[in-house]
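All remarks here apply to the structure that follows.
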Amino acid sequence: MLRVDVTKQLGEFSLEASFTSEGRVTGLFGASGAGKTSLINMIAGLLRPDRGTIALDDEVLDDTAEGVHVPPHRRRIGYVFQDAR
């Protein structure tokens with residue numbers, strides 16, 4: 001289970017997301033500029049939330065109140081970038 005409850009300020013854009021997914025695969029959709037990539041980057045550990053928690057199954061990956069941040073290479077998350085890396 002993936003649990004996300006985060007906020008992030010990116011310039012003038014404010015991202016707030018809260019959801020739980022019980023599937024092995026989770027899809028995000030929305031308009032261009034809605035914050036999908038920023039949210040995925042937070043889940044993958046490439047971007048830290050300003051506030052909130054991210055947990056995968058029983059493992060807390062981010063918890064700003066407790067100062068927890070698991071680095072990207074220690075998360076069990078696959079990521080396919082949109083552009084060549």
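Of the residues Ala34, Ala55, Ala65, Ala44, which single one is within 24 Å of Ser14 (Cβ to Cβ), without any contact (Cβ under 8 Å) to a residue 24 or more places away in the chain and surrounded by 10 or more Cβ atoms within 10 Å (Cβ to Cβ)?
Ala34
Determine which single condition Arg24 fails, assuming it passes every other condition in (1) without any contact (Cβ under 8 Å) to a residue 24 or more places away in the chain; (2) open to solvent by less than 50 Å² (accessible area, probe 1.4 Å); (3) of a type in the set (Lys, Arg).
Arg24 satisfies all of (1) without any contact (Cβ under 8 Å) to a residue 24 or more places away in the chain; (2) open to solvent by less than 50 Å² (accessible area, probe 1.4 Å); (3) of a type in the set (Lys, Arg) except (2).
The values are calculated or read from the model by the stated rules, or taken from the named source; none is laboratory data. Source: prediction; values computed, not measured. Quick reminder, even Gly has a Cβ in these numbers, built from the backbone with ideal geometry, and neighbours come from all protein chains shown. Note: areas computed on protein heavy atoms with side chains; ligands, DNA, RNA excluded. Shrake-Rupley method; radii C 1.70, N 1.55, O 1.52, S 1.80 Å.
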